[in-house]
Amino acid sequence: MVRLTLGTLLDEFNNREKNIEGQTVVIRGDRKADYETIIKVMSDLNRAGKPTFILSTVK
């Protein structure tokens, strides 16, 4: 698992493009996760050309 800050997320995905090519990105959050933040992460993934992701929750 890699933890990234929201401010550097898009740059990190662009930098790691070759390492994550063909892989599914997991967005993981708990009940404290802000919906707006999750949407921002999904948007950044799409802009970085990584449309394959899944959402995972923690109780």
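Key figures
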read-out	value
Of residues in region 43-53 being of a type in the set (Gly, Ala, Ser) and touching a residue at least 24 places away in the same chain (Cβ under 8 Å), the one surrounded by the fewest Cβ atoms within 10 Å (Cβ to Cβ)	Gly49
Filtered residue count, region 7-42, keeping only those that are under 17 Å from Ser56 (Cβ atoms) and exposed (fewer than 12 other Cβ atoms within 10 Å of the Cβ)	9
Subset of region 21-46 (residues that are of a type outside the set (Val, Ile, Thr) and assigned to a loop (DSSP other than H, G, I, E, B))	Glu21, Gly22, Gln23, Asp30, Arg31, Lys32, Ala33, Asp34
Filter result (assigned to a helix (DSSP H, G or I) and among the aliphatic types (A, V, I, L, M)) within region 1-20	Leu6, Leu9, Leu10, Ile20
Long-range neighbours under 7 Å by Cβ, at least six apart or interchain, first residue farther than 18 Å from Lys40 by Cβ and of a type outside the set (S, T, N, Q) within region 1-28, second modelled with pLDDT of 80 or more and assigned to a helix (DSSP H, G or I)	none
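The values are calculated or read from the model by the stated rules, or taken from the named source; none is laboratory data. Given the structure is predicted, the values throughout are model-derived calculations rather than measurements. Every residue, glycine among them, receives a Cβ derived from its backbone with ideal geometry; neighbour counts consider all protein chains shown.
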